[in-house]
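Please read the structure below before turning to the comments.
The values are calculated or read from the model by the stated rules, or taken from the named source; none is laboratory data. A quick note: this is a predicted structure, and the numbers were derived from the prediction, not measured. Quick reminder, even Gly has a Cβ in these numbers, built from the backbone with ideal geometry, and neighbours come from all protein chains shown. Protein only, heavy atoms only, side chains kept; ligands, DNA and RNA dropped before computing areas. Shrake-Rupley method; radii C 1.70, N 1.55, O 1.52, S 1.80 Å.
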Amino acid sequence: MATKSILPEPVSAQFKLKKDAPLKIYDPKVGDIDFRVITIDQAQALVMAGNPYIEKTKNTITEPTV
């Protein structure tokens, strides 16, 4: 039951959207974000800011799993 992420590659390899995430959001720390054209840096900033719509995936190779 895997849903296709709207995140672009390679962002979708490292981050995933929650089920009810909209296509576009405004985040005060990052500004206007379109999840279809988001960069890894923007995704990381959203995760660090605690954005409720995006989270790190478990299969990230670049960071050790906790």
Problem - Any pair with Cβ under 7 angstrom, 6 or more apart, that starts in segment 24-51 at a residue that is free of Cβ contacts under 8 Å to residues at least 40 places away in the same chain and on the phi > 0 side of the Ramachandran plot and ends at one that is surrounded by fewer than 18 Cβ atoms within 10 Å (Cβ to Cβ) and not basic (Lys, Arg) - result: none
Fill in the blank from the handout: Those residues of segment 20-54 which are among the acidic types (Asp, Glu) and open to solvent by less than 40 Å² (accessible area, probe 1.4 Å) amount to ASP27, ASP34
Handout entry: Restricting segment 1-30 to residues that are assigned to a strand (DSSP E or B) and at pLDDT 90 or above, the residue that is farthest from the chain's Cα centre (by Cα)
Key = TYR26
Exercise for the section: Could you please find all residues in segment 34-53 being within 16 Å of GLU9 (Cα to Cα) and hydrophobic (A, V, I, L, M, F, W, C)? Expected result: PHE35, VAL37, ILE38, ILE40, ALA43
